[in-house]
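Structure, as structure tokens:
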Amino acid sequence: MATVETTRTVRQETPAADVTPLVGRLGPWALVRLLSEGNFTRVYQARPADGSASQSAAYVVKVLRNQWWRDPQAIEMQRREAWVGSQVSHPNLLPVLSSSVSEPPFYVVAPKLDAVPLPQLILEHEQLPVPFALWIARQVADGLDALLEATGMIHTDVKPANILVSAAGHATLIDFGFVQTPAEASQWATRPLAGTLAYIAPEMVTSALATGPRSDIYSLGVTLYEMITGRRPWDSDDPGELATLHRQAKPIDIRALRPEVPVPVAELVHTMLAKDPLRRPGSAGELATRLVRLEIESFTLR
């Protein structure tokens with residue numbers, strides 16, 4: 001399998017300021033270092049508090065920030081992440097080892113992976129080797145298939161920042177706080193918008209089309225397009241314009257940006273990006289099968 005050389009670093013979304021070696025304690029966990037923080041949560045590297053101070057900090061604790069402790073939607077995100085982790089076990093999905101989601105402080109615990117976020121690889125290499133990009137996408141598709149089968153849920157926030165890649169090329173899909181049933185995701189007029197607008201399927205922002213598992217396939221298509229070309233198919237600083245691009249604009253053909261990409265690969269990516277969900281692959285499992293075949297056929301492009 002073709003791979004790319006990776007630099008082993010911790011997952012990082014918003015760079016966190018330097019902190020002291022021991023941040024504090026949260027329940028049975030000693031928080032060793034702040035890894036990242038976002039609007040809703042902080043992520044810490046941690047070890048069991050009752051262990052030796054020299055024990056490896058081999059866990060991450062994702063904590064809901066205290067300003068959200070009275071917000072039902074923020075709490076529900078933590079609870080869903082914990083629930084998914086208890087319902088599904090798959091090598092391409094981040095497991096949840098324990099959680100506290102019934103009362104403050106709200107947090108979930110996962111293993112600390114020796115992996116880097118996919119955006120780091122894209123930034124370092126600009127355009128990933130085609131077989132490697134297909135391999136990453138296939139692993140994510142396998143994870144999405146397992147998620148739906150075990151829980152009936154769709155991820156709704158598939159994007160490079162939610163994919164961790166090890167030095168051996170193993171991909172892990174993370175962040176299940178936005179998971180929804182297809183029925184929930186279809187209530188576009190009343191539900192809060194889930195996902196990240198740069199990767200979101202057009203049906204997630206309109207009532208014209210049904211939301212479902214194929215919405216995750218669209219988001220994975222945007223991710224695969226970016227892995228192969230080094231750029232997203234659509235981009236704008238204006239949220240309204242970006243939503244319109246997803247609904248109406250045709251992406252630049254992948255082969256116009258990278259001519260050596262095999263025609264069947266380009267055709268599959270553009271099929272994943274179809275505006276009508278019914279024109280996309282029928283399921284993540286079907287997509288994974290097609291990606292395996294193209295991955296094998298593309299080995300000469302290492």
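State which residue is farthest from ALA82 (Cα to Cα) when the search covers only region 6-30 and only residues that are part of a strand (DSSP E or B) and either over 20 Å from the mean Cα position of the chain (by Cα) or modelled with pLDDT of 90 or more (or both).
Among them, the one singled out is GLY24.
Determine the pairs where a residue that is farther than 22 Å from ARG231 by Cβ and in contact (Cβ under 8 Å) with a residue 24 or more places away in the chain, located within region 160-173, has a partner that is part of a loop (DSSP other than H, G, I, E, B) and of a type in the set (Asp, Glu) with Cβ atoms under 7 Å apart, the partner being 6 or more residues away or on another chain.
Once the first residue is farther than 22 Å from ARG231 by Cβ and in contact (Cβ under 8 Å) with a residue 24 or more places away in the chain and sits in region 160-173, its partners that are part of a loop (DSSP other than H, G, I, E, B) and of a type in the set (Asp, Glu) give SER166/ASP114.
Looking at region 263-302 only, could you name the residues that are part of a loop (DSSP other than H, G, I, E, B), surrounded by fewer than 17 Cβ atoms within 10 Å (Cβ to Cβ) and more than 24 Å from the chain's Cα centre (by Cα)?
ARG302
Anything in region 159-186 that is within 18 Å of ALA210 (Cβ to Cβ) and at pLDDT 95 or above? List them, or say none.
None - no residue of region 159-186 is within 18 Å of ALA210 (Cβ to Cβ) and at pLDDT 95 or above, so the list stays empty.
What is the residue count in region 123-138 for residues that are in a helix (DSSP H, G or I), out of contact with any Asp or Glu (no Cβ under 6 Å at 6 or more places or on another chain) and under 20 Å from PRO262 (Cβ atoms)?
The number of residues fulfilling the criteria is 7.
Condition check ((1) touching a residue at least 24 places away in the same chain (Cβ under 8 Å); (2) surrounded by 20 or more Cβ atoms within 10 Å (Cβ to Cβ); (3) touching a helix residue (DSSP H, G or I) at 6+ places or on another chain (Cβ under 8 Å)) across all residues:
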residue: ARG70; (1), (2), (3): no, no, no
residue: GLN73; (1), (2), (3): yes, no, no
residue: PHE106; (1), (2), (3): yes, yes, yes
residue: ASP114; (1), (2), (3): yes, no, no
residue: PRO131; (1), (2), (3): yes, yes, yes
residue: ARG138; (1), (2), (3): yes, yes, yes
residue: ALA141; (1), (2), (3): yes, yes, yes
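ILE252 passes all but one of (1) of a type in the set (A, V, I, L, M); (2) more than 23 Å from LEU118 (Cα to Cα); (3) surrounded by fewer than 19 Cβ atoms within 10 Å (Cβ to Cβ); which number fails?
Among (1) of a type in the set (A, V, I, L, M); (2) more than 23 Å from LEU118 (Cα to Cα); (3) surrounded by fewer than 19 Cβ atoms within 10 Å (Cβ to Cβ), ILE252 violates only (2).
Among the residues of region 89-104, which ones are in contact with a Gly (Cβ under 9 Å, 6 or more places away or on another chain) and either closer than 14 Å to ASP175 by Cβ or in contact (Cβ under 8 Å) with a residue 24 or more places away in the chain (or both)?
Result: HIS90, PRO91, ASN92, LEU93, LEU94, PRO95, VAL96, LEU97, SER100.
Yes or no: region 272-287 includes at least one residue that is in contact with a Ser or Thr (Cβ under 7 Å, 6 or more places away or on another chain), among the basic types (Lys, Arg) and either within 20 Å of ARG138 (Cβ to Cβ) or not assigned by TED's automatic domain parsing to the domain that holds ASP157 (or both).
Scanning region 272-287 turns up at least one residue that is in contact with a Ser or Thr (Cβ under 7 Å, 6 or more places away or on another chain), among the basic types (Lys, Arg) and either within 20 Å of ARG138 (Cβ to Cβ) or not assigned by TED's automatic domain parsing to the domain that holds ASP157 (or both).
Write out, first by first residue and then by second, each pair whose Cβ atoms fall under 7 Å of each other, whose residues are 6+ apart or on separate chains, and whose first residue, in region 290-302, is basic (Lys, Arg) while the second is modelled with pLDDT under 90.
Every condition considered, the pairs that remain are ARG302/ALA2.
Out of (1) assigned to a helix (DSSP H, G or I); (2) modelled with pLDDT under 95; (3) crowded, with 16+ Cβ neighbours inside 10 Å, the odd one out for LEU209 is which?
(1)
Out of all the residues in region 222-234, is one or more at pLDDT below 95, aromatic (Phe, Trp, Tyr) and under 19 Å from the mean Cα position of the chain (by Cα)?
yes
The values are calculated or read from the model by the stated rules, or taken from the named source; none is laboratory data. Computed from a predicted model, the values in this text were never measured in an experiment. A quick note on method: Cβ atoms are made from the backbone with ideal geometry, for glycine too, and the neighbour counts reach across all protein chains shown.
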